[in-house]
1. Using 0.36 nm per residue, how much length does the chain from residue 250 to residue 549 gain when fully extended, once their Cα-Cα distance is taken away?
2. Take the residue pairs 517/563; 407/476; 144/228; 235/517 and return only those whose Cα atoms are more than 28 Å apart.
3. Run the numbers on the chain and let me know its relative contact order in percent, using alpha-carbon pairs under 8 Å that are six or more apart.
4. What is the extension gain from residue 596 to residue 383, computed as 0.36 nm multiplied by their sequence separation minus the C-alpha to C-alpha distance, in nm to one decimal?
5. What does a probe at residue 104 reach in the stretch 302-336, counting residues whose amide N is under 18 Å from the point 7 Å along Cα→Cβ?
6. Using only the Cα atoms of the stretch 245-337, build the gyration tensor, take square roots of its eigenvalues as a ≥ b ≥ c, and label the shape rounded, prolate or oblate: rounded if a/c is under 1.5, else prolate if a/b is larger than b/c, else oblate.
7. Report the Cα centroid-to-centroid distance between the stretch 587-614 and the stretch 436-476 in angstrom, as an integer.
8. Carbon and sulfur: what percent of the stretch 95-157's accessible surface (1.4 Å probe)?
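The values are calculated or read from the model by the stated rules, or taken from the named source; none is laboratory data. Small disclaimer: the values here were computed from a predicted structure and weren't measured. A quick note on method: Cβ atoms are made from the backbone with ideal geometry, for glycine too, and the neighbour counts reach across all protein chains shown. Only protein heavy atoms, including side chains, enter the accessible area calculation; ligands, DNA and RNA are left aside. Shrake-Rupley method; radii C 1.70, N 1.55, O 1.52, S 1.80 Å.
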Amino acid sequence: MRSLLLLAVSCSIVAANPVVEKVDPPNWWIGHSINPVRLLIKGKNLDGARLTAPSGMTISAVRVSASGTYVFADLTIGPNTRPGDCQLSLTSSSGTTQVPFKVDPPLSNADRLPGFTSSDVVYLIMPDRFANGDSSNDDPAISKGLHDRANPRAYHGGDFQGIIDHLPYLKGLGVTAIWMTPIYDNSNEWGEYAGNKVTDYHGYGAVDYYGVDEHLGNMKSLQELIHKAHRLGIKVIQDQVENHVGPHNAWVADPPTPTWFHGSVTKHLDENWQYWSTPDPHASKELRKIVIDGWFGGSLPDMDQEDPEVSRYQIQNTLWWLGEAGFDAIRQDTWPYVGRDFWHDWMAAIKRQFPTVNVVGEVLDADPATVSFYQGGQIRDGVDTGLDTLFDYPVYFKLREAFGSGKSIEELPKMIGHDYLYTNPELLWTFIGDHDMPRLMNMPGATIDGLKLAYTCIFTIRGVPLLYYGDEIGMKGGDDPDNRRDFPGGWPGDATNAFTQSGRAPEQNAVFEHVKKLAHLRATMPVLARGSTTNLILQDQQWAFARRLNDQIAVVVMNNDDKAARLTIPLQELGLPASVQFSGLLGVIPEATAAEGRLEITLPSRSAEIFIAHR
């Protein structure tokens, strides 16, 4: 009987020993701009924990959560620390265990490309919907049952290898940068959103900020993708989400601090989409609080960056991804829903460690006064966030109205006329579609000619042109998730393969070749990417403008009407001779001659031409 009691006591002691389940970050670099690095150790029976580190490193500022499931600690990595795997030692009131950690050599930026510029052509990919290059990760053991290509809300099998396999396609199209929707590890089970049974195939419901979604690959295959893209001169942009995590994140049931989130599952504010109240000088504190503190969609737990542990965690996580994977730039999701003080610190940390990395923020609003409020380079509410640029949603909506619905084209230059609101309008991202909106070709009355006109516009106006995967072949798709259809030919056995010329229908190929030509022109003619803009004609369905850079002048003329238009375009302000010869680069009007400072042309219906002046 006594031996049984001793065995029971012994088992109880063993059961109470400290257990380490996860360490964030799992590694860090010698000589990094952040030192000490703040560790977050997750486990069990960590009450009263003390940490010790090997020679060359020191531990300080240890803090244990009230639940005994998290330990925060500052780890200082000395300059003479030897790189490699090391073991930190954690001792609690019930025993000692080891904490795995890795010290890496100083970071090298040798393989990194500079961030995006107005000379780039960005291509948005939802990896799960683009191409399946590795069928072994379609239905992983850890998350079985989430793969069903017939279900638009399930995983379909696209992955990093599928993108790697089609890098030549992207290079041939003229793409110079890839933006992938988030690749964080997402939930391993079905969830529910807006009454629908869903998976997080899109990537916006992170359960592990330091993990790669197993359906897409792993860190090694992500690094391979970025390296091979770089070898082709293609930049890779990471989609990050600081505002919220997924509802299945382990933090939701057991937050590391009492203020890790704004509220809890049972008691929280639901954001109301009224982010215009942030710049509104008349908005109450309560209205602003709903935007900043509210849970996105009413269900996505909102991170509280006013908690210094949250702020440090997220800043370190951003820098870890840039260092570990080698991304060149960042697209930041739901920018208005996070406080400006955090964004200032976050941007400053990025620029200190990675000066060439830049960031585009998502502010989904049609009002340029609201969108421009969030661009950096200006002090608003006492803070300059330092944000490099934004998505040009105000122009996006006018593009779709004009070229998708055939409404007045005049509204488009009128919207671009608000550029005075921005600190740097030349870096705004211009686009006609993304993963949150129905595709342009799904709009009532949309035509291939209208789609081609829209592309001519975003490749010739100021800004950074963005393509949404499949729009280059005129794919259709309604509301989410229909706008996220699989790219035809990305899966073995697909009936058609639009990655090849022979696999594209004539209309698809017409759009593809048009986009390819525009991308080539923008790459070879800096005036289209970096030139100043002068409007020459503004009419209900016709628009002509000039782009000028040094001694190169391009004149872009668009006719959005369903009938031909005779136009007389004044050129006096461009400093050209009274008579000058123009070449048409799109083949609509191959040659034209200006006389007495005017260019007279007849432009066919729903068409455009790019003229280059020969002095």
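1. Net length gain for the segment: 102.3 nm.
2. With Cα atoms farther than 28 Å apart: 144/228.
3. Across the chain, relative contact order equals 10 percent.
4. That pair, residue 596 and residue 383, stretches by 71.5 nm at full extension.
5. Those under the cut-off are 313-330.
6. The shape class here is oblate.
7. 23
8. Carbon-and-sulfur percentage of accessible area, whole number: 53.
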